[in-house]
Amino acid sequence: MSFGVGEETERMRLQMREWALADVRPLAREADLSHAPPRRAAEVLAKCPIAISPISMAVDPAGERDGSGNTYLRGLTLMEEVTYGDMWPFTTMPGATIAPKAIKLLATSEQAERWVGGLERGVYRTSAFALTEPGCGSDVSKVATTAVRDGDEWVLNGSKIFCTHGAFAEIVVVFATIDRAAGRGGVRAFMVESGTPGFTVVKANERKLGLHWQDTATLAFDDARIPLDHCLGYTGDDSGDGTQRGVWGALETLTHSRPFVAAAAIGIGQAAIDYAADWVAANRHEYTSKRLSMIEDAIASMNWRLHQARYMVRRVGWLRDAGHTARMETSMAKAYAPPVAEHACLRAMQLMGPEGCSKDHLVEKWHRDIRIFDIWEGTGQIQRLTIARQLLGAGSGTG
Ligand SMILES: Cc1cc2nc3c(=O)[nH]c(=O)nc-3n(C[C@H](O)[C@H](O)[C@H](O)COP(=O)(O)OP(=O)(O)OC[C@H]3O[C@@H](n4cnc5c(N)ncnc54)[C@H](O)[C@@H]3O)c2cc1C
C-alpha cells in the first residue's frame, strides 16, 4: 500500500488546516458556552474549502470518485482537519449526519431519489438517524419502538434518545420493529417527516459533558402515522427482501461512519498536543531541565501514539478505496483512536498545569468533547467484541 494521500488531497488538507485555524477555532468557546452553533457558523462554513462533510463525500464513492480513486482516504484525511480547529463543524457542516448513508443502503431506487436524490446535486434535506432508545443502543436487536401496519399506513409508537439533529431535521430515519419476537429480523427503517402528527420533540438538546452546541434530541412517537412506502426498501410486499434489512442497514451505516469518527478524534488529539506544545515552548524558561525532559518525553509519546492511530485510519481508507469492506480494520481504528486522542487531551491539560483547566484555554473543552468518541457509533467495548468475534469466527451480533 501507498502511505501517501496524493498531491491534490495534500493541497486540500493544507487549505483545510488554514481554514480550521483562522475561522473555526476563534468560535470554539462560543459554541461551548452558548449550547448552540456559533452565530457566524453559516458564514464560516461557507468559507470551508470543501462544500460538504467528508462523511457525505464518501457516501457514494463510485459516483463521486474524482479519478484519483481515493474518495475514502481523502475524506478521512480531510476529516482530521475539520476538527483540528475545533469540533463544532463536525456535526454542523452540510451533509454531516449519517442518515443519507442509511437511506442509500436501504431504500428502493425510487425512495432513494425521493429522499436523497438531491445529494449529488449538492441539495440537502436536513436529516437524522434515530436508532438509540432508553433501553437500546449497542444491541440493535433490542429496538422497542414499534411499527404496526394499519391499512395503508404504519403506526409508530416509542421513543428515541440522543438523536443528533432530531429536533430540526426535515426527515428522520427511525428504526422500529414490526415484530419484537423476531429480534433483529423484525427491525425496519422508516422515514418520518417533521410535522407528522404524533411525532414530537420531547427535549431539543440533551445537556452533555461536552459537544454543547450539538443538538441531541429526545423524540417521541405516539400513534404517528406514515404512508406504507415510508418503510425503506418497501416494494408493496411485506415479505420482500428490501424491508428485511433494517439491522443490516443500521450496522453498515455505522461501519461507513466509524473511520470518520476515528479521524475526527485524531484531529482533536493533534490539536491538543500542538496547543500544549506551543504553550510549553512559550514557557520553557520557567522549567527545570528535569521537568522539561519529562514534558518532552510525554509530548513525543503522545505524538507517536496518535500517528499510529492515523495510520490505522488511513489504512481503512486505502482498503475501502481498493474495494474492501475492511470491517475488522474499521473496528480496530474506532477502538484505538478515540482513547488515544482522549489521553492526548488529558496529558495536554496536565502539561499545562492549572492553566490546562482554565477556560482561557481550549484544551479543557477538548478534553470534555473527546469523551463521546469512545461511545457513539459503537462503543470501544463493542468494537473489541466485534474484533474478537471475527478472530474467533463467531460473527458480531452487536453494533
Ligand atoms: C452526543 C451524542 C450524539 C449521539 N447521536 C446519536 C444519533 O444521532 N443517533 C442515534 O441513534 N444515537 C446517537 N447517540 C447514542 C449513541 O450512539 C449510543 O449512546 C451508543 O451507541 C451506546 O449505546 P447506549 O448508550 O445504549 O449504551 P449501552 O449499549 O447501554 O452500553 C452501556 C455500556 O455497556 C457496554 N456494553 C454494552 N453491551 C456490551 C457487551 N455486549 N459487552 C461489553 N460491554 C457492553 C457499552 O460499551 C457501554 O460502555 C448519540 C450519543 C451522544 C452522547
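For the reader, a short list of remarks on this structure follows.
- Excluding ligands, DNA and RNA, the accessible surface per residue across the chain is 41 Å² with a 1.4 Å probe.
- Couplings for region 127-142, taken from phi via the Karplus curve 6.51 cos²θ - 1.76 cosθ + 1.60 with θ = phi - 60°, read 9, 9, 10, 10, 10, 5, 10, x, x, 8, x, 5, 9, 5, 5, 8 Hz in order; Gly and Pro are left as x.
- Listed cross-link partners Lys160/Lys359; Lys101/Lys208; Lys104/Lys142; Lys208/Lys290; Lys47/Lys359 are compared with a 29 Å cut-off, the Cα-Cα value being larger for Lys160/Lys359; Lys208/Lys290.
- Just the protein heavy atoms count here, and of the accessible area of the chain at 1.4 Å, carbon and sulfur take up 55 percent.
- Most to least packed among 193-204, 320-331, 209-220, 84-95 [average Cβ atoms within 10 Å]: 84-95, 209-220, 320-331, 193-204
- Amide proton proximity set for Lys203, modelled H, under 5 Å, gap of 5+: Thr218
- The peptide list 308-314, 343-349, put in order of mean Cβ contacts within 10 Å with the highest first, becomes 343-349, 308-314.
- Region 278-374: relative contact order in percent, alpha carbon pairs under 8 Å with at least 6 residues between: 25
- Membrane-span-like helices in the chain (whole DSSP H runs, Cα extent of at least 27 Å along the helix axis, mean Kyte-Doolittle hydropathy of at least -1.0): 246-283, 289-321, 327-351.
The values are calculated or read from the model by the stated rules, or taken from the named source; none is laboratory data. Fair warning: this is a prediction, and the values are worked out from it, not measured in the lab. Neighbour counts are summed over all protein chains in view; Cβ atoms, including those assigned to glycine, are modelled from backbone coordinates with ideal geometry. Please note that ligands, DNA and RNA were not included when accessible areas were found on the heavy atoms of the full protein model with its side chains. Shrake-Rupley method; radii C 1.70, N 1.55, O 1.52, S 1.80 Å.
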